[in-house]
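Worksheet: one structure, shown below.
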Amino acid sequence: MGFIDAMRGEGFAVESVCAVLREQGVRVAARTYRAWSGGT
C-alpha cells in the first residue's frame with residue numbers, strides 16, 4: 001500500500017495505479033485501498 005501512497009503523492013489517481021498493478025498480477029481494487037487507508 002505504500003507504493004500506492006507514493007504514486008498518489010506524485011499525482012496519480014488511485015484507480016490508475018490499481019489498474020497498472022492488476023496488469024502486473026497484483027490483485028488490488030481502489031475500494032480495497034481506500035478501505036485500508038481510511039477512505040482517503
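Using a 7 Å offset from Cα along Cα-Cβ at ARG27, what residues in segment 1-20 end up with backbone N under 18 Å from the label point? So the set is 1, 18-20. Here is the list for the chain: trypsin sites (Lys or Arg not before Pro) lying in DSSP coil, each with at most 10 other C-beta atoms within 10 angstrom of its C-beta, are ARG27.
For the chain, GluC sites (Glu not before Pro) are listed when DSSP marks them as loop and at most 15 other Cβ atoms sit within 10 Å of their Cβ; the list is GLU10. Over the residues of the chain, the helix contribution to mean residue ellipticity at 222 nm works out to -18000 deg cm²/dmol, using -39500 (n - 2.57) for each DSSP H run of at least 4.
First check a/c for the chain, with a ≥ b ≥ c the square roots of the eigenvalues of its C-alpha gyration tensor; if it is under 1.5, answer rounded, and if not, answer prolate when a/b is larger than b/c or oblate otherwise. Since a/c reaches 1.5 but b/c is at least a/b, the shape of the chain is classed as oblate.
Bear in mind these aren't lab numbers, they're just calculated from the coordinates by the rules spelled out. From a predicted model like this one, the values you see are computed outputs, not experimental measurements. Every residue, glycine among them, receives a Cβ derived from its backbone with ideal geometry; neighbour counts consider all protein chains shown.
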